[in-house]
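Engineer: Take this structure, written in structure tokens, and hold onto it; I'll ask about it next.
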Amino acid sequence: MIRFASDYCEGAHPKVLEKLFETNYEQTATYGEDIYCKRAAELIKKECKCENIDVHFLVGGTQTNLVFISSALRSHQAVVSAKTGHIAVHETGAIEATGHKIIELSHQDGKITSTQIMNVCREHSNDENHEHCVQPKMVYISNPTEFGTIYSKSELVELSKVCKECGLYLYMDGARLGYGLYSQENDLDLPTITDLCDAFYIGGTKMGALFGEALVISNDRLKEDFRYIMKQKGALLAKGRLLGLQFIALFEDGLYGEISKEANRLANIIKYACINKGYPFLTKTSTNQQFPIIPDSELRKLDDQYAYSFWQRIDETHSAVRFCTSWATKEEDVLKLVRDIEAL
């Protein structure tokens, strides 16, 4: 079975494993106070072109979202998200379990707009009973989104502007951030994201690491006592160096970019094979996630050899599915899939 179901089916990039193996018997400080976490944080600060940020290493995306969002919001406050956002769909009510409501918005291919955010804030402030309602305080976006689409620089600028006007925090889920940054259509970079967002995280789990995410906090108001909250939420890893080492491997020699570019390239081979076959797409994307709409009868012919993700029912005979590439995807497997698509 060749798997295109997700980008975390495999273990870790060999360079990540080499770092872990080389240092396996070293004794270091614990809980992220070691030389490797500090070095990894330095590398990320360099990539962000900003020294005045805090960098924290956590194990997974859901954990990172849970810990950060719950730390930033007071008990009466809510986070705004596309209704397809990861926190709203695939985190088992983690945010709601902390007592914070998610205000869900309609979306366009996974993205929300500054106009929508302004409308949420106006609706709240204009309600004469607004003190009886949860207060919107944070905007959550994914980049790339769950539909593989990315925010442009102008879109992020507008979101940031509205958030500042309304007194909201802007937080970016970057589980697949590399695939977005190295998309052919992208005009964002890490320094711009650092400047426009109050916090974001750089994904590792879906980007070649065994596990791990690097949370970047740029807003000084959100930095205080964050490690206390990490510990309280079970997110302060005792063997913290395991996280730092992986991000050193990803960032010290440009591996993060190489992984991203290659996965995007292979995904685009699949995309053009589907285009040539005449399949329409649920969304337009140049990242590592592709969403062709394929007749169910033809999908069944692929099921014996390929794993992919069912995304949504289009009509009685067609489904939108997701083909996802990763750092470990082999070009020979992609080309085999292409041949089989052509033969359908």
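The values are calculated or read from the model by the stated rules, or taken from the named source; none is laboratory data. All values reported here derive from a predicted model rather than from experimental measurement. Note that each Cβ is placed from the backbone with ideal geometry, even for glycine, and that neighbours are counted across all protein chains shown. The protein model used for the area step is the full one, side chains on, heavy atoms only, and it has no ligands, DNA or RNA in it. Shrake-Rupley method; radii C 1.70, N 1.55, O 1.52, S 1.80 Å.
Engineer: Name the single residue that is surrounded by the most Cβ atoms within 10 Å (Cβ to Cβ) among those in the range 4-60 being among the small types (Gly, Ala, Ser) and in a loop (DSSP other than H, G, I, E, B). It would help to see each step written out before you state the result.
Structural biologist: Filtering the range 4-60 for residues among the small types (Gly, Ala, Ser) gives 5-6, 11-12, 29, 32, 40-41, 60.
Checking the rest, the ones that are also in a loop (DSSP other than H, G, I, E, B) come to 5-6, 11-12, 29, 32, 60.
Numbers: 5: 17, 6: 16, 11: 12, 12: 23, 29: 13, 32: 25, 60: 17.
My answer is 32.
Engineer: Counting only residues that are under 18 Å from residue 226 (Cβ atoms), touching a residue at least 24 places away in the same chain (Cβ under 8 Å) and among the basic types (Lys, Arg), how many does the range 41-100 have?
Structural biologist: Qualifying residue count, the range 41-100: 1.
Results for (1) modelled with pLDDT of 95 or more; (2) of a type outside the set (Ser, Thr, Tyr); (3) more than 26 Å from residue 210 (Cα to Cα), shown as yes or no for each residue.
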| position | (1), (2), (3) |
| --- | --- |
| 237 | yes, yes, no |
| 254 | yes, yes, no |
| 265 | yes, yes, no |
| 282 | yes, yes, yes |
| 286 | no, no, no |
| 295 | yes, yes, yes |
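Engineer: Kindly check whether there is at least one residue in the range 213-225 that is farther than 19 Å from residue 138 by Cβ and open to solvent by 10 Å² or more (accessible area, probe 1.4 Å). Before you say what the answer is, go through the steps one by one.
Structural biologist: Going through the range 213-225, the residues farther than 19 Å from residue 138 by Cβ turn out to be 214.
Checking which are open to solvent by 10 Å² or more (accessible area, probe 1.4 Å) leaves us with none.
No: the range 213-225 contains no residue that is farther than 19 Å from residue 138 by Cβ and open to solvent by 10 Å² or more (accessible area, probe 1.4 Å).
Engineer: Starting from the range 305-319, take each residue that is in contact (Cβ under 8 Å) with a residue 12 or more places away in the chain and list its partners that are loosely packed, with under 11 Cβ neighbours inside 10 Å and among the aliphatic types (A, V, I, L, M), counting only C-beta distances under 9 angstrom and pairs at least six apart or across chains.
Structural biologist: Final answer for the pair search is 305/1; 306/1; 307/1.
Engineer: I'd like to check something: does the range 241-257 contain any residue that is open to solvent by 40 Å² or more (accessible area, probe 1.4 Å), without any contact (Cβ under 8 Å) to a residue 12 or more places away in the chain and not in a loop (DSSP other than H, G, I, E, B)?
Structural biologist: So far as the range 241-257 goes, no, none of its residues is open to solvent by 40 Å² or more (accessible area, probe 1.4 Å), without any contact (Cβ under 8 Å) to a residue 12 or more places away in the chain and not in a loop (DSSP other than H, G, I, E, B).
Engineer: Can you name every residue in the range 167-189 that is open to solvent by 20 Å² or more (accessible area, probe 1.4 Å), charged (D, E, K, R) and touching a strand residue (DSSP E or B) at 6+ places or on another chain (Cβ under 9 Å)?
Structural biologist: 176
Engineer: Please go through the range 288-306 and pick out each residue that is surrounded by fewer than 19 Cβ atoms within 10 Å (Cβ to Cβ) and within 20 Å of residue 149 (Cα to Cα).
Structural biologist: 293
Engineer: Would you point out which residue out of 192, 205 is in contact with an Asp or Glu (Cβ under 9 Å, 6 or more places away or on another chain), β-branched (Val, Ile, Thr) and open to solvent by 10 Å² or more (accessible area, probe 1.4 Å)? Break it down stepwise before answering.
Structural biologist: Working: 192 fails: in contact with an Asp or Glu (Cβ under 9 Å, 6 or more places away or on another chain).
When all the criteria are applied, what remains is 205.
Engineer: Restricting the range 271-287 to residues that are part of a loop (DSSP other than H, G, I, E, B) and in contact with a strand residue (DSSP E or B) (Cβ under 6 Å, 6 or more places away or on another chain), which is surrounded by the fewest Cβ atoms within 10 Å (Cβ to Cβ)?
Structural biologist: Selected residue: 280.
Engineer: Quick one: which residue in 76, 90, 107 is within 16 Å of the chain's Cα centre (by Cα), on the phi < 0 side of the Ramachandran plot and open to solvent by 40 Å² or more (accessible area, probe 1.4 Å)?
Structural biologist: Numbers: 76 fails: within 16 Å of the chain's Cα centre (by Cα); 107 fails: within 16 Å of the chain's Cα centre (by Cα).
So the residue among 76, 90, 107 that is within 16 Å of the chain's Cα centre (by Cα), on the phi < 0 side of the Ramachandran plot and open to solvent by 40 Å² or more (accessible area, probe 1.4 Å) is 90.
Engineer: Here is a further query. For the range 61-91, enumerate the residues that are among the hydroxyl-bearing types (Ser, Thr, Tyr) and either part of a helix (DSSP H, G or I) or in contact with a Leu (Cβ under 8 Å, 6 or more places away or on another chain) (or both). Let's see the steps before the verdict.
Structural biologist: Within the range 61-91, the subset among the hydroxyl-bearing types (Ser, Thr, Tyr) is 62, 64, 70-71, 75, 81, 84.
Selection gives 62, 64, 70, 71, 81.
Engineer: Taking the range 286-298 only, how many residues are free of Cβ contacts under 8 Å to residues at least 40 places away in the same chain and over 29 Å from residue 261 (Cβ atoms)?
Structural biologist: 3
Engineer: Answer yes or no as to whether residue 231 is part of a helix (DSSP H, G or I), loosely packed, with under 15 Cβ neighbours inside 10 Å and modelled with pLDDT of 95 or more. Give the steps one after another, and end with the answer.
Structural biologist: Values: part of a helix (DSSP H, G or I): yes; loosely packed, with under 15 Cβ neighbours inside 10 Å: yes; modelled with pLDDT of 95 or more: yes.
Yes.
Engineer: Quickly run through the range 322-336 and pick out the residues that are surrounded by fewer than 20 Cβ atoms within 10 Å (Cβ to Cβ) and either aliphatic (A, V, I, L, M) or in a strand (DSSP E or B) (or both). Before you say what the answer is, go through the steps one by one.
Structural biologist: From the range 322-336, those surrounded by fewer than 20 Cβ atoms within 10 Å (Cβ to Cβ) are 328, 330-333, 335-336; that's our starting set.
Correct list: 328, 335.
Engineer: So, one more: Please pick out the residue among 139, 134 that is touching a residue at least 40 places away in the same chain (Cβ under 8 Å) and open to solvent by 40 Å² or more (accessible area, probe 1.4 Å). Steps first, answer last, please.
Structural biologist: Details: 139 fails: open to solvent by 40 Å² or more (accessible area, probe 1.4 Å).
None of the others qualify; the one that does is 134.
Engineer: Tell me, which helices (runs of 4 or more DSSP H) wholly within the range 113-184 include 1 or more residues that are more than 27 Å from residue 268 (Cβ to Cβ)?
Structural biologist: Working: elements: 114-126, 153-166, 177-181.
Because the criterion is at least 1 residues that are more than 27 Å from residue 268 (Cβ to Cβ), the helices (runs of 4 or more DSSP H) in the range 113-184 that meet it are 114-126, 153-166.
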